[in-house]
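In what follows, a single structure is set out as structure tokens and then discussed.
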Amino acid sequence: MESQYKAAAIEQKWQQDWVKQELNKTLENSDKPKFYALSMFPYPSGNLHMGHVRNYVITDVIARLKRLQGYRVLHPMGWDAFGLPAENAAIDRGIPPAEWTYKNIAQMKQQLQTLGLSIDWDVEIITCSPDYYKWTQWLFLQFYQAGLAYQKEAAVNWDPIDQTVLANEQVDSEGYSWRSGAKVERRQLRQWFFKITNYAEELLKDLDKLPGWPERVKLMQENWIGKSVGAHLEFPIKGSQEKIAVFTTRPDTVYGVTYVVLAPEHPLTPKITTEEQKIAVDLFIKTVANESEIERTAEDKPKRGVLTGGIAINPFNNQEIPILIADYVLYGYGTGAVMGVPGHDIRDFEFAIQKKLPIKVVIIPENSKDTNLTLTEAYTEPGIMVNSGNFNKMQSTEAKIAIVKYAEKEGYGKAKIQYRLRDWLISRQRYWGCPIPVVHCSSCGTVAVPDEALPVKLPENIKFTGRGASPLARLEGWINVTCPSCGEPAKRETDTMDTFIDSSWYYLRYTDANNKDEVFNLEKANDWMAIDQYVGGIEHAILHLLYSRFFTKVLRDRGLINVDEPFNCLLTQGMVQAITYKNPHTGKYIPSNQVNSEDPKDPSTGDKLEVFYEKMSKSKYNGVDPEKVIEKYGIDTARMFILFKAPPEKDLEWNDADVEGQFRFLNRVWRLVANYVNNKSNNKSKKVKKTNELIKVEKDLRRAIHTAIKEISEDLKGDYQFNTAVSELMKLSNALNEGKCLDSEVYQEGIETLLLLLAPFAPHITEELWHNLGHKNSIHLASWPKLDPDALIVDEITLVIQVMGKTRGTIQVSATATKDELKKLAYKSEIAQHYLDGKEVKKIIVVPGKLVNFVVVQ
């Protein structure tokens, strides 16, 4: 066997061999238990970065481990291929989005294949392929038939120069278009929504069914759904039959309402605005109309508003209160109106001070006597009710319930649960997305495209300018069709779907990716679902995961699958960071290859640079090209570093010295096996010693072997602590290096166990070494080592001999020896006899399992 480890040749050899063997093909209809391991699929940007590598290597280790443990594994890959970058490429470079996308897919797939991932490429999916988006359209129609897809007016970002709708990503932090530089306006447009709010309570409640998810992700989803228990209250408008509806979680403060605020776009605003206030109101509405929701609700911005001149009546005390409009109230959230309680709400207090509105106290601390406190800040804690009619002197927590009951009795309102979650806006006014499969007929209204006419394909040969309406909206030949219902002229929907829809069901398609007749086979989907381990970034903690959960529940209710949740266990891997250099004076990042790491200075200005770890990024010049690392060290080394450097959920700090360390470790493993194989070849006549004749060195080695099996098996359960598992592999390697029993069956067991335990981490080198040991079949078709608990039992211990507290030596004794036996063995030892010669022993101190100390007369 060769003494030198040649990573590149070995990795290329086995990757080609695995393809020939179809080693990664998914087993169907096997009597083995199933395991579905999935990484979040990538957007085909054109190049893999280290974040990709970390994600896919983590999932690959899990998939390989589960195969060794006797599971049939589904480990697929695909491409989240629709989206804005391809359209931008079409505008900037004149390349059709499909051409740009498929070119990037080919490049990234080739890069992925060099990572030695055990992916079944036979079930690859591409979301921009008509074979895939046909079924995305079919699923849209399932939502439509269930009453979960509808259209309504909603605000969009409008570029007044280019006369086009912009995605949020195309608007900078100051509210300007990234392309034209125009100040972006907000316009109302008729758009498609999914009724995710119908599932708000189930989405919240079923978080309890996900013990395999990180608590922080569940908390993020819980906060996004935002369940609030409170009351729906109505304030009559003076001189009108209309009422202003509000939702509040603090009905106990209703007697302290001193004003009501409407959203500027609320339909009641023009109705209640007086002639005296019309100019001010119209000007304010125009100003706010061009601001995003984020700008309007930002915590660090002063709240703005104007009086409308309208007056509402607080039905609880019949007091007249002014009606204002303000930027912080959004019509699309809740009722589009709020009641102002400045005495007991921080925001309302600041707004009332600014607008010189009255502040009324209706709750005071329990130990307070003053019912008319002068507040310097809002009092938001529970307390005693005051200035609240029949509810005075009640505990405010009790008054909440009592006031809601009173409101229901008097017709002022009712108890209500509200959610922060809003319906999902799925319309996009862009070309490179899945077309929405409906037509608009003047006679029939909105009509679904029949199933047999799917997919509604994207037209080709489109000109992209970045100006004007969506390219689809300008194609008369594509837009004008016949109504499927009445046969009269109709027009296609020109909006495409949010790309989150493509990624909300892709994991289901993998279970039956080549099915041309149905979205997926029910039996196959139910066999593989739910996903046993899902791996991806924390940035997807809310939207992607929430939308996927919503999709799964809708498809379950449509009878397409039988699971409630798509992902049993979720691992959110940390970012990959690298040393970053930044000039603190100019704010510019400096490429590392231009910096002396021992004295980091800006080569242009001479300024001393800030040095810190930050997420790898092109803009920060701190990226590490995976291809260069693989070229220098091999993919197994890169995998080992990624897995060893940090726990998977923590950020990983890239360090070349640590990469070298893993390369050295794999070289040690290579030499270890080479030494064993060559020793075996040179001593063919020697018989391998049997395990029932174990001497101490063999017992110690076997204990190390089975300790490694135990510890690594535990590290690879649940939260997957790969870094500590690699540490245990190093310990076993060291034990084998120190083992002086190469001809023993125990040593052979140790060598094979080391390779089997290492195989999921470093699949290529272990495959090569496995075959060098004489095995004919792949190591990845072998079985995970079984623990022998008896091997862990220590039958001998090292006993320290001390005289007057000073260690004089050690002896080997039975692990089960009693105190008296330890005394006798220690006393009879050569060590004790030597140091106790001619001395009187005054006392013998025994610490079982550790030491015997002789105290002598001085």
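Structure summary
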| read-out | value |
| --- | --- |
| The range 107-165: radius of gyration and largest Cα-Cα distance (Dmax), Å | 19.2, 50 |
| Whole-percent pair-distance distribution, where bins are 10 Å wide, for the alpha carbons of the range 532-671 | 10, 27, 25, 20, 12, 5, 1 |
| Dipole of the range 343-420, positive direction: furthest Cα of SER396, ASN372, ALA415, with charges on the beta-carbon | ALA415 |
| Protection proxy ranking, peptides 318-331, 589-602, average beta carbon neighbours within 10 Å, highest first | 318-331, 589-602 |
| Equivalent ellipsoid semi-axes - Cα gyration tensor, the range 351-510, angstrom | 59, 20, 17 |
| Which listed pairs, of LYS25/LYS218; LYS238/LYS355; LYS152/LYS209; LYS731/LYS806; LYS183/LYS588; LYS20/LYS134, have C-alpha distances above 23 Å, in listed order | LYS25/LYS218; LYS152/LYS209; LYS731/LYS806; LYS183/LYS588; LYS20/LYS134 |
| Rg over Rh, two decimals, the range 328-369 (C-alpha only, Kirkwood Rh) | 1.09 |
| For the range 456-504, alpha-carbon Rg relative to the globular expectation (2.2 N^0.38 Å, N residues) | 1.35 |
| Dipole moment magnitude, nearest 20 debye, the range 314-406 about Cα centre, only Lys, Arg, Asp, Glu C-beta charged | 220 debye |
| Cross-link partners of LYS356 among aspartates and glutamates (Cα-Cα below 12 Å; sequence separation of 8 or more within a chain) | ASP348 |
| Computed over the range 288-345, Cα set: Rg, Dmax in Å | 13.0, 38 |
| √(5λ) per eigenvalue of the Cα gyration tensor, the range 1-56, largest first, Å | 26, 23, 11 |
| Taking the C-alpha atoms of the range 503-563, convex hull volume expressed per residue in Å³ | 82 Å³ |
| Equivalent ellipsoid dimensions for the range 40-129 as semi-axes, Å, which come from the Cα gyration tensor, largest first | 29, 12, 9 |
| Radius ratio Rg over Rh of the range 419-534, counting only Cα atoms, Kirkwood formula for Rh | 1.04 |
| Two-decimal Rg to Rh for the range 121-275 - Kirkwood Rh, Cα set | 1.05 |
| Accessible area in square angstrom per residue, the chain, 1.4 angstrom probe | 47 Å² |
| Alpha carbon convex hull of the range 793-858, volume per residue in cubic angstrom | 69 Å³ |
| Solvent-accessible area, 1.4 Å probe, carbon plus sulfur percent, for the chain | 49 percent |
| Per principal axis, descending, Cα span of the range 720-858 in whole Å | 68, 34, 23 |
| Among [x] 50.2; [y] 53.7; [z] 43.2, the entry derived from the coordinates for mean projected area of the Cα convex hull in nm² | [y] |
| Within the chain, helix-based [θ] at 222 nm, where runs of 4 or more DSSP H residues each add -39,500 (n - 2.57), nearest 500 | -10500 deg cm²/dmol |
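The values are calculated or read from the model by the stated rules, or taken from the named source; none is laboratory data. Nothing here was measured: the structure is a model prediction, and the numbers come from that model. Don't worry about glycine lacking a Cβ; one is built from the backbone with ideal geometry, like all the others, and counts go over all protein chains shown. Calculation scope for accessible area: heavy atoms of the full protein, side chains included, ligands and nucleic acids excluded. Shrake-Rupley method; radii C 1.70, N 1.55, O 1.52, S 1.80 Å.
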